[in-house]
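S.K.: Handing you this structure, nothing more for now.
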Amino acid sequence: MTGGAGEGGVIVVDDDGDAGIDAVLPFQIEASGLRGRLVRLADVADAVIAAHDYPEPVARLMCETLVLANILASTLKYDGIFTLQTKGDAAVPTLVVDVTSTGHVRGFAKVVADRLAPDTPATVPGLLGQGYIAFTVDQGPQTQRYQGLVPLEGETMADCVNAYFRQSEQIDTGIKLAVDRTSAGWRGAGIMVQRLPAEDGARPAPASDAEDDWRRAMVLLESATEAEMLSEHLPANRLLYRLFHEDGVRVYRPRPLKMVCRCSRRRLIEVLASFSAEELAEYVEPDGMFQVVCEFCATEYRLSEQDLAPVRDAALQSEFPPP
Ligand SMILES: [Zn+2]
């Protein structure tokens, strides 16, 4: 991103910013003080989805959820891992996306193939069914906390996230998403505009300037086309300028995003070493090796009893230290 860096890390919109791809861009509409986020995903979305052979509607839902999870994560102050997880009773019983405070993103969806019909729509009722979405923030041992829990109500994931902000946070929110599978891979984009509650919690009167500002911002947001949201040739600054220039728009520093999985051989050994013999039996191959595939990045790990032994011994020693 180019442009004049102003006070407090503020970058004022100009016309020659970069495309803001694989990044979150916070912005503010100057005249009204409404805050916003623009997320555009290319390699991140494609890498998460390409690790699996998802049916088309599931890939589409995953792409939308990746955009939304990154928008949500960017509104929170945390040092650790933000997780969005759905639980449902349809073809996709679980869908998970997590985002670290350093911008590492990963995700996976569990798919029950025989619950998926050829014409299943890529909607919340179609793929997820009845259930809920949980948002958690994990900032280290014993610090996991629920940020929120919302029922799976609405056609799209954006509807559910919108309901979360409205009901749990009392924040008016407008979200516009665009998702497409191009010749270069999956692409996703999302713009969110929010009106934070007044300090005294009072809502603006129906005919007030604040209410007009909000309505106008929602009309402008809705006017964003999928093509311009997803275009790699339209810089992020220019897209926001095109939409909100009449009220002035201020864009803050972009936060880059990357698909990175946190799985490792070491971590897996620790998990398997804590399993009982029955639990381990599930992973044994005919050659006696344990085989585990990371559900996020599909990396395949093969481990032997000898790999687990030192970790088991160390655990035993700390439980029953020698006299
Ligand atoms: Zn992994």
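We did not get these values from a lab; they are worked out from the coordinates using the rules stated. Model, not experiment: these values are computed from the prediction. As a convention, Cβ positions derive from the backbone with ideal geometry for all residues, glycine included, and neighbour counts pool all protein chains shown.
S.K.: Relative contact order of segment 265-319, please, whole-number percent, based on alpha carbon pairs below 8 angstrom and at least 6 residues apart.
M.R.: So the answer I get is 34 percent.
S.K.: Evaluate the relative contact order of the chain (contact order divided by residue number), counting alpha-carbon pairs under 8 angstrom at least 6 apart; express in whole percent.
M.R.: Once normalised by length, the contact order is 24 percent.
S.K.: What are the semi-axes of the equivalent ellipsoid for the chain, taken as the square roots of 5 times the Cα gyration tensor eigenvalues, largest first, in whole Å?
M.R.: 40, 22, 20
S.K.: Moving on to the next point. Over segment 40-136, what is the mean sequence separation of C-alpha contacts under 8 Å (at least six apart), divided by residue count, expressed as relative contact order in percent?
M.R.: 30 percent
S.K.: Could you work out the helix-only [θ] at 222 nm for the chain, with each DSSP H run of four or more residues adding -39,500 (n - 2.57) and the total divided by the number of residues, to the nearest 500 deg cm²/dmol?
M.R.: -9000 deg cm²/dmol
S.K.: Follow-up question, since we're still on this one. If we count other beta carbons within 10 Å of each Cβ, what is the order of LEU272, LEU25, fewest first? Mind dumping the intermediate values first?
M.R.: On the way: LEU272 20, LEU25 24.
Placing the least packed residue first, the sequence is LEU272, LEU25.
S.K.: Using only Cα atoms, figure out Rg for segment 265-319 and give it as a multiple of 2.2 N^0.38 Å.
M.R.: 1.13
S.K.: Additional query: Binned at 10 Å from 0, what are the whole-percent values of the Cα-Cα distance distribution for segment 92-236, short to long?
M.R.: In order of increasing distance, the bins hold 9, 28, 37, 22, 5, 0 percent.
S.K.: Right, next: Using per-residue counts of other Cβ atoms within 10 Å, averaged over each peptide, order 152-163, 35-46, 258-269 from highest down.
M.R.: Put in order of decreasing packing, that is 35-46, 152-163, 258-269.
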